[in-house]
1. Looking at I34 and the list (1) under 17 Å from the mean Cα position of the chain (by Cα); (2) farther than 25 Å from N139 by Cβ; (3) of a type in the set (V, I, T), which single condition is not satisfied?
2. Would you be able to say whether some residue in the range 363-374 is of a type in the set (D, E, K, R) and surrounded by 16 or more Cβ atoms within 10 Å (Cβ to Cβ)?
3. For the range 267-281, what are the residues that are under 28 Å from the mean Cα position of the chain (by Cα) and not in a helix (DSSP H, G or I)?
4. How about the range 328-348: which of its residues are buried (at least 22 other Cβ atoms within 10 Å of the Cβ), in contact with a strand residue (DSSP E or B) (Cβ under 7 Å, 6 or more places away or on another chain) and of a type outside the set (V, I, T)?
5. So S73 clears everything in (1) polar (S, T, N, Q); (2) within 16 Å of A15 (Cβ to Cβ); (3) modelled with pLDDT under 90 except one condition, right? Which one?
6. Could you look through the range 33-76, keep only residues that are hydroxyl-bearing (S, T, Y) and part of a helix (DSSP H, G or I), and pick out the one that is nearest to D111 (Cα to Cα)?
7. What's the number of the only condition in (1) touching a helix residue (DSSP H, G or I) at 6+ places or on another chain (Cβ under 7 Å); (2) buried (at least 19 other Cβ atoms within 10 Å of the Cβ); (3) within 15 Å of F224 (Cα to Cα) that P314 fails to meet?
Amino acid sequence: MKIAVLTSGILPVPAVQGGAVENLVDFYMEYNDIHRLHDITVYSISDNAIRTHPALTSDVNHYVYIDTNRFMSKIKKRILHLINKNREYYHYTIEYYLYRAMKSIAVQYYDMIIIENRPGYALRLKGKTNARIVLHLHNDMLNDETAKNKDIYNSLSRIICVSDYIAGRVNTIKQDKENAAGKSPYKTTTVHNGIDVSAFSPVTANSLGRKRLGLQAEDFVLVFSGRINKEKGISELVDAMLSLKEYKNIKLIVLGCSFYGNETAGNTFIDSLKEKAKLIKDNIIFTGFIPYRNIPSYLSLADVAVIPSTWNDPFPTTVLEAQAVGLPIITTNRGGIPEEITSDNAIILDCDIDFSKRITDAIISLYNDRTKMQNMRTASLHRSKTFTKERYAADFFKAIQQ
């Protein structure tokens, strides 16, 4: 097939600036380059770091770059915004990216257009292409409360969801009755995300050495990895650490910042966390932003990963990364997380009024039972083999051909 891929319009592909969605696009593009399944063109915003990227040498994968930040592009964005502001579904910068991509698509022939995590794109494409339109949905952006949800749903041939949780949310949109053949009208299918398991393997993940972060060999080290915001449960984790202040050798590494590489200075939520943590400042290390390629080295310093999401996290790759390093996991039953782990490698918590205490109790239970920890480590390594980038890409291409 000849396929066009419409990205989010925020971060570039290849994923030189990071981004979970962009990394997942890279994975299936890499798989396509190896197996030569389809002729695929990715429409991405431009970035100077991409110019010499090896992905651009493929003869089956192609990349079209749209500059949204040049002086003339900014003027054109504003003009387009003034003309179409009553019709815009997204921020005008994203709308401008889509406008430019569609102009290029209009003079090409494609069998299929894959939309990455922007359901509203389907409204613009409707009636302007004969290609089948497939949505790859990473977040809870299409459900019975979404603006124009029925129009979007009816414009799509297939909706590939990152978890059964997300598929369930899409299926809250009122469906037509079963057709004459008795087939379900649902267009959703689930393809769980994958990661580069080899990069996170404890065999290949080069440890920084605990002393680099002021940690001792005998410390019991917890790690939180991901964006630092309220919904990730980091505040409740700090509360749990405060209740453990008598345990001088229980330490927490907090990896990340508020959003992809942004500095944390001036972020009121992060400032409040650090203020709260002052009483145990020797027990918590805030690293700030860490480039994705370095995450395995930091994870390998830890004994346990704590991923205490309090929102319905669709399918966080931080869970997959912790598993691949071989860490026991303390996490929650929210969103798609239960689809990633099992009771053999994770302690799964309810997010109720006693949530911070539940985190504390889970930490203590592992601190006092090293045999259980070792069994969980083994189970995590075994579970991680389910979520390779190769399995993900193979399942993704099977899904788009259904």
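1. Of (1) under 17 Å from the mean Cα position of the chain (by Cα); (2) farther than 25 Å from N139 by Cβ; (3) of a type in the set (V, I, T), only one is false for I34: (1).
2. Scanning the range 363-374 turns up no residue that is of a type in the set (D, E, K, R) and surrounded by 16 or more Cβ atoms within 10 Å (Cβ to Cβ).
3. Result: N267, single match.
4. P328, N345, A346
5. (2)
6. T57
7. (3) is the only condition that P314 fails.
Here's the yes/no breakdown for (1) at pLDDT below 90; (2) under 22 Å from A399 (Cα atoms); (3) in contact with a Ser or Thr (Cβ under 9 Å, 6 or more places away or on another chain):
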{"residue": "M1", "(1), (2), (3)": "no, yes, no"}
{"residue": "A4", "(1), (2), (3)": "no, yes, yes"}
{"residue": "P12", "(1), (2), (3)": "no, no, yes"}
{"residue": "V21", "(1), (2), (3)": "no, yes, yes"}
{"residue": "A55", "(1), (2), (3)": "no, no, no"}
{"residue": "D59", "(1), (2), (3)": "no, no, no"}
{"residue": "L82", "(1), (2), (3)": "yes, no, no"}
{"residue": "K85", "(1), (2), (3)": "yes, no, no"}
{"residue": "M102", "(1), (2), (3)": "no, no, yes"}
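The values are calculated or read from the model by the stated rules, or taken from the named source; none is laboratory data. Values in this document were obtained by computation on a predicted structure and should not be read as measured data. Glycine also receives a Cβ, built like all others from the backbone with ideal geometry; neighbour counts cover every protein chain displayed.
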